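Chemist: Submitted below is the structure of interest, expressed as structure tokens.
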Amino acid sequence: MTCLGRAEGIEEPEGILLSIVIRRLGRADAVSFHALRLEGFRLHEREFRFAPEDEAGLSLEDVAARLARDAVFGACDGDALVGVAGLAFSGGAKTRHKALLWGMYLRAAYRGAGVADRLMSALMDEARGRAEMVTLTVIHGNARATRFYERWGFVAYGVEPRAVRTSGGDYLDEAMMALRLDANPTPSS
């Protein structure tokens, strides 16, 4: 499936007009979603808790089921999927007030152009009314991602030591962050 839809123009820092569409992904997007996730894991191993082989081992039916179950949004430039982010909602009686933000990835050429903010805005719109709090983890030391989440009101509440072991045997800590939706639903400047 292609990403074509209603386009909204935004200015990229170099002044190139990009026609970006943010939309909810579905089962038909499994191939492009899977490919983009694999790209992110391959290019940025130290920034994700999952390894390329974890995602590569999933069948397209597994990927499609995830897209049907979770609220996953994509950023599309024409027919190319260039960014993704997802929300998983808890079904447990004691945890259904929470959602987990997962898998945020945007191709490097689209960073700094407001596309990540548009993806986050779509996630927060989806979360409002369904959850009271959104949680996430980010590799400790990923300053750019941490600043982005802090701008949206997320607060670090702990660090899990040695949460991730890379293919090279390095251990990485993960910061755990949370946002109460009634506290700050939009980014600060």
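Chemist: Find the residue count for the range 166-182, including only residues that are crowded, with 18+ Cβ neighbours inside 10 Å and among the acidic types (D, E).
Modeler: So the answer is 1.
Chemist: Go through the range 69-85 residue by residue and tally those that are closer than 19 Å to F41 by Cβ and touching a strand residue (DSSP E or B) at 6+ places or on another chain (Cβ under 8 Å).
Modeler: Of the residues in that region, 10 qualify.
Chemist: Still on this structure, please answer the following. Which of the following residues is under 14 Å from the mean Cα position of the chain (by Cα) and surrounded by fewer than 21 Cβ atoms within 10 Å (Cβ to Cβ): A71, A127?
Modeler: Matching residue, one of A71, A127: A71.
Chemist: So which of A65, A108, A71 ends up being closer than 19 Å to M177 by Cβ and in contact with a helix residue (DSSP H, G or I) (Cβ under 9 Å, 6 or more places away or on another chain)?
Modeler: Exactly one of A65, A108, A71 is closer than 19 Å to M177 by Cβ and in contact with a helix residue (DSSP H, G or I) (Cβ under 9 Å, 6 or more places away or on another chain), namely A71.
Chemist: Please find, within the range 145-160, the residue that is nearest to M177 (Cα to Cα) out of those that are of a type in the set (A, V, I, L, M, F, W, C) and surrounded by 14 or more Cβ atoms within 10 Å (Cβ to Cβ).
Modeler: Taking the range 145-160 first, the residues of a type in the set (A, V, I, L, M, F, W, C) are 145, 148, 152, 154-156, 159.
Next, from what is left, pick out any that are surrounded by 14 or more Cβ atoms within 10 Å (Cβ to Cβ): 145, 148, 152, 154, 156.
Working: A145: 11, F148: 12, W152: 11, F154: 6, A156: 4 Å.
Filtering the range 145-160 for residues that are of a type in the set (A, V, I, L, M, F, W, C) and surrounded by 14 or more Cβ atoms within 10 Å (Cβ to Cβ), the one nearest to M177 (Cα to Cα) comes out as A156.
Chemist: Can I ask one more? What's the number of the condition A85 fails, among (1) out of contact with any helix residue (DSSP H, G or I) (no Cβ under 7 Å at 6 or more places or on another chain); (2) within 25 Å of N142 (Cβ to Cβ)?
Modeler: (1)
Chemist: Right, here's the next one. Here is a check on your reading of the model: is R118 closer than 14 Å to A35 by Cα, among the basic types (K, R), modelled with pLDDT of 95 or more and under 13 Å from the mean Cα position of the chain (by Cα)?
Modeler: On the way: closer than 14 Å to A35 by Cα: no; among the basic types (K, R): yes; modelled with pLDDT of 95 or more: yes; under 13 Å from the mean Cα position of the chain (by Cα): yes.
Considered against the rule, which asks whether it is closer than 14 Å to A35 by Cα, among the basic types (K, R), modelled with pLDDT of 95 or more and under 13 Å from the mean Cα position of the chain (by Cα), R118 comes out as no.
Chemist: Let me ask another. Given the criteria surrounded by fewer than 17 Cβ atoms within 10 Å (Cβ to Cβ), within 23 Å of E39 (Cβ to Cβ) and not basic (K, R), does A163 qualify?
Modeler: In short, yes.
Chemist: Can you tell which of R49, R66 is under 13 Å from the mean Cα position of the chain (by Cα), within 19 Å of L123 (Cβ to Cβ) and not β-branched (V, I, T)?
Modeler: R49
Chemist: While we're looking at this one, here's another question. Does R118 satisfy the condition of being basic (K, R), in contact with a strand residue (DSSP E or B) (Cβ under 6 Å, 6 or more places away or on another chain) and either more than 30 Å from Y171 (Cβ to Cβ) or surrounded by fewer than 14 Cβ atoms within 10 Å (Cβ to Cβ) (or both)?
Modeler: Answer is yes for this residue.
Chemist: Pairs please, first residue from the range 9-36 and closer than 20 Å to A88 by Cβ, second anywhere and part of a loop (DSSP other than H, G, I, E, B) and modelled with pLDDT of 95 or more, Cβ atoms under 6 Å, 6+ apart in sequence or on different chains.
Modeler: F33/L25
Chemist: Output the number of the condition that R49 fails; it satisfies all remaining conditions of (1) part of a loop (DSSP other than H, G, I, E, B); (2) more than 24 Å from V134 (Cβ to Cβ); (3) not aromatic (F, W, Y).
Modeler: Going through the list (1) part of a loop (DSSP other than H, G, I, E, B); (2) more than 24 Å from V134 (Cβ to Cβ); (3) not aromatic (F, W, Y), R49 breaks only (2).
Chemist: Could you grab me the full set of residues in the range 55-68 that are farther than 19 Å from G40 by Cβ and either charged (D, E, K, R) or surrounded by 13 or more Cβ atoms within 10 Å (Cβ to Cβ) (or both)?
Modeler: Listed by number, the residues that qualify are E61, A65.
The values are calculated or read from the model by the stated rules, or taken from the named source; none is laboratory data. In this text, all values refer to a predicted model and were calculated from it rather than measured experimentally. Please note: Cβ atoms are built from the backbone with ideal geometry, for glycine as well, and neighbour counts cover all protein chains shown.
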